[in-house]
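These notes are about the structure you will find just below.
The values are calculated or read from the model by the stated rules, or taken from the named source; none is laboratory data. Bear in mind the structure is a predicted one, so any value in this text is a computation, not a measurement. All Cβ positions, glycine included, derive from the backbone under ideal geometry; neighbour counts span all protein chains shown.
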Amino acid sequence: MLFIANITFASGTEKRTTSTIKEVVVFLNGAQITATSEVSIPAGTSEIVIEDLPENISDDQLQAKGLGDFIIQSVVRKINYLNETQLPKEVRVLKDSLESLNRTMEMQRGMEKIYSQEEEVLMANKSIGGANTGVDALGLEEVVNFIRKRLMELQSKKIECREKQKKIKEQIDRINSQLTELNNKSKYSFSEVIISVSANAAQKAKITLSYFVNDAGWAPYYNIRAVDAGSPLQLEYKANVWQRTGYDWDKVKLTLSTGNPFINNTKPEIQPWWLSYVVPVLRSQGYENKKFKSAAPAAMQTTEAEDDSYSLAGATTAAAYTQITEASTNILFEISLPYNIPSDGKPYSVSVQESTIDASYKYYAAPKLDNDAFLLAYITDWEKYNLIAAEANIYFEGMYVGKTYINTASTSDTLQLSLGRDKNVSIARNKLKDFTEKKIIASDKKETHGYEIVVKNKKKKEIEILIQDQIPVSTNKEIIVELQDKSRADYNAEKGFLSWTLKIKPGADEKVKFTYTIQYPKDKVINGL
C-alpha cells in the first residue's frame, strides 16, 4: 500500500537511477510524460534520486507513484548542472580542439605582429652612413639589396601568417557550428527528482514519475482526395508532432489530446450589469471636456476546451491503431503502436485517422471576379469526425490541385470544403453590346448594361453549378436601379445578388443573361460605376 505525504527529512541512504519514458500525452501545446524506474531500496528511510530528466519540468504537475510496500514521504525537484568532466565525450573533444586552435591562432597573430615591427625598424633606419660620412657605391648596393631582400621575406612571412590564420578560422568556425548543433540537441543541465521513501524491509520498487514539459506540441493537417465529382471523399487526418525536450521519445505509447492544460478551470461569475445616465461635464479652463459613465464590471467569458482532435501514424497506417476517446473537455487519440519522436524540434507526420465520407458536390463560379469554376463538397454530420480547423491538401482526379482551409468554427450542420478549380468547366462573362447604352432623359442620365454568362461542361459527367453575379444597389433616392431581365435567376434585391443553379450535361453549354438600368441626375458623378 502506498501513501504520499508532504514531509521532507534528511536521509542517510541515496539510490541514484534513471527513468525510461513509456507514455506521452501530447497537447496542442506541451506534453505530459510518464516514465518508470526500478530501484532497490533498503529498510528504513532513504532517497531515490531519478536523474537525467528534462530541465524545464513544471513543478506544479510533478507526481510520483510506486508499487511496493513503502511510503513516499516527499517529492522534490532540483537542477543539476554538468561540470566539464560530465560533458559528452564528443563535446569535450571539440572543446579541446577549439582551445588548441585558438592558441595556434594567437601564435600566428603574434608572429605577424613581430614581422610588421621588424619591417618598421628597417624602414625607420634606412638612412645610410652618418652626417659627415658617405657610403661608396658598392656598400650602398649591398645595403639596398639586403633591405629589399629582407622586406620581401617579411612580406612573404606576413602573407603566410594570414593564410594560416584564415585556415585556422575556418576550422574554428566549423567546430563552433558543430558545438552549436550539439548544444541544440543536448542539454548540459537537467532535472533530478529526489523521492524520500520509508520501508520496513529492503525490496525492489517500481517508481512511476509523471511530469509536464512545455517544449512539445502538435498541429493538425489533412489530405482530402476526390476521385471525381460523385464519389465519396477520402479524408486523411494527420498531425505534425514535435518536441525539444532534450530527450528522444523512443518506442513510446503516444496519445494526442485536443485539450488545453493551461485552461482556466474556475467557473465564471456573472456580475450585475449597471446602467446609468451619461453626465456631461462642461469644459473649464485647464481641463478637457469629459464624459463620465458609471463603472461596470468587465464582461466575463466562459472559457472552454476546444473540441478538436489529433492522431498518429505508424508502419502500415497508424490510423488503424488509433483509439478515439471523447473526454468531457477534449478528444484523445490513443495510438497503440509504439512511436519514435526525436528531440530536434522538427515536425514528424503522424496518421490520426482515415475516413470515407459521403459528400454532395456542386460547382460554384462568380465570373465577375474569376472565370474559373470551383468544386465544392458539402459534408453533413461532420462533427463526428473530430476535426480541428487546419489547412488541407487537395487531390482531385489523382492530381494535387492546391490547399484549402477547413473551418470548424462554423455552426452550420453542413461543412463546405473547396476542392479547388476545375479547368474542365469553362466560363465566360461577356458584355452585351446591344443592351448597353447611355442616354439623356430630361435632367437625368440613364445607362443600360447587359451581360451574358456562358458555361460549358467539358467533363464526361453531368454537373451542377451555382453561378452568382450582381447589379448595383442604390443608397440614394435620386439614383434609381432597375433589373430589366434576370433570366430565371434568384434575385436578392437587398444585396443586388443574382444566382442561377444550372445542371449541364456532358459536352453541353448553358447561357444566362441579365440587364439593368441606372438613372441619376446628369450633373452628378456616381461613385462605383
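Here are the numbers for this structure:
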{"item": "Complete set of residues in the stretch 502-529 that are surrounded by 13 or more Cβ atoms within 10 Å (Cβ to Cβ) and within 44 Å of the chain's Cα centre (by Cα)", "result": "Leu502, Ile504"}
{"item": "Test set (1) surrounded by 15 or more Cβ atoms within 10 Å (Cβ to Cβ); (2) of a type in the set (S, T, N, Q); (3) not in a strand (DSSP E or B) - Ser196 fails condition number", "result": "(3)"}
{"item": "Close pairs (6 angstrom Cβ cut-off, 6 or more residues apart or separate chains): in contact (Cβ under 8 Å) with a residue 40 or more places away in the chain in the stretch 347-374, part of a loop (DSSP other than H, G, I, E, B) and of a type in the set (Phe, Trp, Tyr) anywhere", "result": "Val352/Tyr310"}
{"item": "Test: residue in the stretch 339-354 that is modelled with pLDDT under 90, aromatic (Phe, Trp, Tyr) and not in a strand (DSSP E or B)", "result": "no"}
{"item": "Output for the stretch 416-448, where each listed residue is of a type in the set (Gly, Ala, Ser) and surrounded by 12 or more Cβ atoms within 10 Å (Cβ to Cβ)", "result": "Ser418, Gly420, Ser426, Ala428"}
{"item": "Complete set of residues in the stretch 460-496 that are at pLDDT below 90 and surrounded by 17 or more Cβ atoms within 10 Å (Cβ to Cβ)", "result": "none"}
{"item": "Of the criteria (1) outside the structural domain of Ile463 (by TED's automatic domain parsing); (2) among the polar types (S, T, N, Q); (3) under 22 Å from Pro367 (Cα atoms), which one Asn430 fails", "result": "(1)"}
{"item": "Any hit, the stretch 415-426, residues being hydroxyl-bearing (Ser, Thr, Tyr), touching a strand residue (DSSP E or B) at 6+ places or on another chain (Cβ under 9 Å) and closer than 27 Å to Leu233 by Cα", "result": "yes"}
{"item": "Evaluation of Lys166 against (1) in contact with a Leu (Cβ under 6 Å, 6 or more places away or on another chain); (2) at pLDDT 90 or above (one fails), failing number", "result": "(1)"}
{"item": "Among the candidates Ala201, Ala216, Ala299, residue that is at pLDDT 90 or above and outside any strand (DSSP E or B)", "result": "Ala201"}
